[in-house]
Amino acid sequence: MTEEILIIKLGALGDLFQSEGALHDIRLHHPSARITLLTGPAYRKLMERCPWIDVVEIDPRAPRWRLDRMFDLRRRLTAKPYAMVYDLQNVSRTAFYRRWFLPHTPWSGTAPGCSHPHRAPNPKGIPSLERLAGQLKDAGVPVRHTSAPDLSWAADDVREILEEAGVSEPYVVLLPGSSARLPQKRWPGYVELAGRLVARGVKVITVPGPEELDLCRTIPGTMLTAGRWLNFFQLAGVLTGARLAVGNDSGPTHLSAHLGRPTVALFGSHMAARLTGIQRPNVTCLEVQDLKDLGVDLVEKVVLDGLGETAALR
């Protein structure tokens, strides 16, 4: 009988990107298992491409008073005899799932009473990649890739999109968006930064999501839309060819970081960069209390340093 493994990672997008290495290590630990990922509806297509996952199960995160939705999720989760659950979300909702849906299934995480608890005294205070690595070690999973997610499998060939837009390498990608619910995570200096870079002869492109179309139209350079906003895989393809990317604390910026591209990530007080898992050798993080106080001069200098003098002055 095929071993059944369940991994829970509901989101958000940047968190899913950070968990890629952990998914890889779980796959290596269970090479013959059928691995199911429970995630949010928005991430189905992305995670169906992930080479470490066999099945994607959707959790719409309905309110718990919606008993019909809870019973449906319970039915789906109990339909397989899971040998192990790796709860990489570790929130009260998933602890509820352990208690009421799968109370006797071996469980790795922070849920009270679970069989393989993460033993760190304060997991939420640990940088995310270290937290994932510690959890897997406590569950007996050898850690090889958790600290270095690699999202190269997510990148489409976008040469045709770039050619149609008249864009050739090398280019810089600006990622000015973030969740509309968190406007304090958006740096207001992208228009001026893009203007300065374009004036230096640097090719600048923006890749808007559905919430950033109006914003990106105001930014000098080329806006890539291919008739509409690019999907995850096209965005990854564009970032793969970038000389450098600049972005807020958002999913696309984390994607750039975990594709190994030189990345400048801008952080306000909403979240410390060290806790997000974005700090890697290819990433420069600029942190201020209020992003409105982050000067364009500083960001421009860091970008030009990242491009190198020849590219910057071309």
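Every number in this text was worked out from the coordinates using simple rules, so none of it is lab data. In this text, all values refer to a predicted model and were calculated from it rather than measured experimentally. Using ideal geometry, Cβ is built from the backbone for each residue, glycine included, and neighbour counts are taken over all protein chains shown.
Once C-alpha pairs closer than 8 Å and six or more residues apart are averaged by separation and normalised to the residue number of the stretch 155-313, the relative contact order reads 26 percent.
Ranking S168, G209, S128 by Cα position along the charge dipole of the stretch 64-213, where only Lys, Arg, Asp and Glu carry charges on their C-beta atoms, puts S128 farthest toward the positive end. Working from Cα pairs under 8 Å separated by at least six residues, relative contact order for the chain is 17 percent. For K292, a cut-off of 21 angstrom between C-alpha atoms picks up these lysines, skipping any fewer than 8 places away in its own chain: K185, K301.
When +1 charges are put on Lys and Arg Cβ atoms and -1 charges on Asp and Glu Cβ atoms, the dipole computed for the chain relative to its Cα centre reaches about 980 debye. Annotation for the stretch 89-148 versus the stretch 257-299: alpha-carbon center distance of 27 Å.
Here the stretch 81-197 is treated with +1 on each Lys and Arg Cβ and -1 on each Asp and Glu Cβ, and its dipole about the Cα centre works out to around 960 debye.
What dipole magnitude, in Debye to the nearest 20, does the stretch 1-139 give about its Cα centre under +1 on Lys/Arg Cβ and -1 on Asp/Glu Cβ?
Working: 21 positive and 14 negative charges, 96 e Å.
Dipole of the stretch 1-139, to the nearest 20 debye: 460 debye.
For the chain, the residue among A265, I7, L193 whose Cα projects farthest onto the positive side of the dipole built from Cβ charges is I7. For the pair the stretch 1-57 / the stretch 156-189, the C-alpha centres are spaced 27 Å from each other.
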